[in-house]
1. Counting only protein heavy atoms and using a 1.4 Å probe, what share of the accessible area of the protein assembly as shown belongs to carbon plus sulfur, as a whole percent?
2. Count charges around A:F315 for me, please; just the other residues with Cβ under 14 Å from its Cβ, Lys/Arg as +1, Asp/Glu as -1.
3. Would you mind counting up the charge near A:V160? Only other residues with Cβ under 12 Å from its Cβ, with Lys and Arg at +1 and Asp and Glu at -1.
4. Would you report the distance distribution of C-alpha pairs in chain B as whole percents per 10 angstrom bin, up to the bin with the largest distance?
5. Report, to one decimal in Å, the Kirkwood hydrodynamic radius for the range A:308-454 based on all distinct Cα pairs.
6. For peptide B:18-30, compute the average count of partner chain beta-carbon atoms within 10 Å of each residue's beta-carbon.
7. How big is the A-B contact in terms of buried accessible area, both chains counted, 1.4 Å probe, rounded to the nearest 100 Å²?
8. Taking only protein heavy atoms and a 1.4 Å probe, what accessible area per residue, in Å², does the range B:7-131 have with all protein chains in place?
Amino acid sequence: MEKEEIKNIKQTKEQWENTILKKTLEKFPERKEKFFTGSGKEVARLYTPIDLEDFEYEKNLGFPGNYPFTRGVQPTMYRGRFWTMRQYAGFGTAEESNRRYRYLLSQGQTGLSIAFDLPTQIGYDSDHPMSMGEVGKVGVAIDSLEDMEILFKDIPLDKVSTSMTINAPAAILLAMYMVVAEKQNVSPDKLKGTIQNDILKEYIARGTYIFPPAPSMRLITDIFKFCSQEIPLWNTISISGYHIREAGSTAIQEVAFTLADGIAYVQAARDAGLDIDEFAPRLSFFFNAHNDLLEEVAKFRAARRLWAKIMKERFGAKNPKSQMLRFHTQTAGCTLTAQQPDNNIIRVTLQALAAVLGGTQSLHTNSRDEALALPNEDSVRIALRTQQILAYESGVAETVDPLAGSYYVETLTNEIEEKALEYIDKIDKLGGVITAIEKGFIQQEIQNSAYQYQKEIEENKRIVVGVNKFQINEKYPEGLLRVNPEVGRRQIEKLHALKKTRDNQKVQDSLTDLEKAAKSDANLMPYILNCVRAYVTLGEICDVLKKEFGEYKESVKL
Amino acid sequence: MEEKKIRVLIAKPGLDGHDRGAKVVARALRDAGMEVIYTGLRQTPKQIVETAIQEDVDVIGLSILSGAHTHLFPEILKLLKENQIEDMIVIGGGVIPEEDIPELKKAGIVEIFTPGTDTRDIINLIKEKIKK
């Protein structure tokens, strides 16, 4: 905008403040002295072109599918194709989960998202003492290729894309998926999907780590390299802010710490000799969609622009695909209330709307009953229908980046980018993300925000409908899902039967080869694939790697 | 005479990494004047009971969000009994279905706090049960 024009607007604004606004405020004071976003950033009464004085359309926004991708990564966005509707699911045995996946696909879901139980995520077989009480609880139990074959029975792997929330043992589960595809005669170049494979946020916020940072980063770069050659359409990592936000961070911290993790992965891969434009196009991201609609939209846009700049300016990536931040979104589990759980449907709708207005590539909508238990089938269907209503009925998918140009949204986008960059600079100065984690800096920043949030609720400065305002006496809901307590026993029986029937010489040989490879600097993926083919269990593979790599111990600070 | 502080062990049994609640509660109790020790993740029942004895705490607060509470909480109470610890109270929190609560209380858990709990309710309960 012309300098002259801004000057005029400033004058008019001042006049307005001194006359109309002043009179109104005298008669009707505002609800609060100060207003804040969901993340605690102060919000002004009104945003005008004055806030965007230095705004340059081409530089700040550009066109969708073009650098800096503020408006989206595809030129036509949802006019071409809706986002992938991908509900995270899995519980009990492979048989039960397979049934749930086929139900979701029959209801119009367009991609799978696999939840594994905690023993699987931490590298324990179901019969390990640490697994007691946990088998099949928060996801499906997978001990060996045998379980994975059942999990994807009658689901053609060349027709679906599959996202797997697996981190420390990501290489093993990916290998199992590849072997299942082999057995279905699906060629590797047809496989589409994502492994989360993001160990840094496990240290920061999610907790399913196994190995220390250095060997973990090696496993990750091994996967980058292997996949770029063998399964080119696979997203090799999903760099996740979701869990950082769930742990209590603000929107700015979510962007900052996620992109800082991204920087560490890119750096590690480059240090391992990989060419940036070969692996970077397969990096993907995963964000949270929290309650503050407009702040969240701005967050997604800011993250996209900042990552594009980092990739281009810091790392010299030339391929536009390397500069694009493609992301999955999940609505914020931490905002769901156990009180009046049907209200959660509305929360999820608003959060999902933010993700769509922010240009997400895929979306999981939480179910209303998740503050109480794993979701039952009815709740999951409503969650999926929420996405379908947004897609087909709300109209927001008919044009690209519809909120662009809003004075407020653009101002917020600028501010989130700027503040996130300040954090990234600080982490660089500390010596990078791994050092910042080891020092407990990132964890502490998140804990402070989480505590602040809780205090605000308890002091009624932050209203949560049904929790600290508008409460009712209610009956505890019925029909919640319970995982069959027999799952653990059945899984152990199956595992013991497998160990008797498989070729145990092959098992030993492939494990010995893996151990040797782990001591060298060979790429571990082919060795893990051999183990998996021989029905070596997840726990057996992880034990060999633990022996070589050691185990991570968290630094606990309050 | 100087008032002795209430000592609390906040522990994460099982494998889940959701420690936001545990850490928030730990800080709230500390701000309310208690001495708080936090174990970190993935503690076995045995480790938790050992730490509780070593630190001579008045209260053990267990946090779990994976659904393994029905198995792990009673395990911890059993170990306490075996060690003849009778002066500690055990409270729990997390995503715990209402129908599981009577059984957990029968096993000896004094109170279960579910999502949406005000930390002041936890503080009040502890202060009421532990008079120092």
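1. Carbon and sulfur atoms account for 50 percent of the accessible area of the protein assembly as shown.
2. Once all neighbours under 14 Å are counted, the net charge is 0.
3. +3
4. Bins of 10 Å from zero give 13, 49, 34, 3, 0 percent of pairs.
5. Answer for the range A:308-454: a Kirkwood hydrodynamic radius of 18.3 Å.
6. Per residue, the number of nearby Cβ atoms from other chains is 5 on average.
7. 3200 Å²
8. 43 Å²
The values are calculated or read from the model by the stated rules, or taken from the named source; none is laboratory data. No experiment lies behind these values; they were computed from the predicted model shown. Cβ sites come from the backbone with ideal geometry, for glycine too, and all protein chains shown count toward neighbours. Calculation scope for accessible area: heavy atoms of the full protein, side chains included, ligands and nucleic acids excluded. Shrake-Rupley method; radii C 1.70, N 1.55, O 1.52, S 1.80 Å.
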